[in-house]
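In what follows, a single structure is set out as structure tokens and then discussed.
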Amino acid sequence: LTADQRLLLIALCERTLRAPAQGLQVPSSAEAAQRLGWELTRFNRKLDNVCAVLERHGVRGLHGAVGKLASGRRTRLIEYVMSTGLLTVSDLALLP
């Protein structure tokens with residue numbers, strides 16, 4: 001993952017990393033983009049790239065297909081990151 005892709009994942013997982021006992025907390029794309037100081041279009045482009053990279057590595061449920069929306073991909077990303085330990089609380093220090 002690139003540094004920007006990692007930041008995107010940290011922004012998506014921030015609430016869950018800070019309060020794991022509260023379960024998955026999924027921010028909107030707009031909230032996560034604002035947290036990073038990015039335009040929403042940049043965030044969505046990076047989100048597409050992260051999903052493509054992880055899908056190539058066998059992670060399912062990150063891309064839509066004909067007749068199937070990828071509306072839950074932020075949730076799926078957070079589930080994947082948290083279940084694999086890809087990020088930890090110490091990664092929060094990388095956020096701006």
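Can you find, within region 22-42, the residue that is farthest from LEU8 (Cα to Cα) among those that are open to solvent by less than 30 Å² (accessible area, probe 1.4 Å) and assigned to a helix (DSSP H, G or I)? Filtering first and then ranking leaves SER29. The residues in region 62-75 that are open to solvent by 70 Å² or more (accessible area, probe 1.4 Å) and either modelled with pLDDT of 90 or more or of a type outside the set (Val, Ile, Thr) (or both) can be counted, and the count is 4. Could you look through region 1-21, keep only residues that are small (Gly, Ala, Ser) and under 17 Å from GLY37 (Cβ atoms), and pick out the one that is surrounded by the fewest Cβ atoms within 10 Å (Cβ to Cβ)? Out of the qualifying residues, it is ALA3. Of everything listed in (1) touching a Lys or Arg at 6+ places or on another chain (Cβ under 7 Å); (2) without any contact (Cβ under 8 Å) to a residue 40 or more places away in the chain, the single unmet condition for ASP4 is (2). When LEU36 is tested against (1) without any contact (Cβ under 8 Å) to a residue 40 or more places away in the chain; (2) touching a Phe, Trp or Tyr at 6+ places or on another chain (Cβ under 8 Å), exactly one condition is not met: (1).
The values are calculated or read from the model by the stated rules, or taken from the named source; none is laboratory data. Bear in mind that the values here come from a model prediction, so they are computed numbers and not experimental data. For neighbour counting, all protein chains shown are included, and Cβ atoms are generated from backbone atoms with ideal geometry for every residue, glycine included. Note: areas computed on protein heavy atoms with side chains; ligands, DNA, RNA excluded. Shrake-Rupley method; radii C 1.70, N 1.55, O 1.52, S 1.80 Å.
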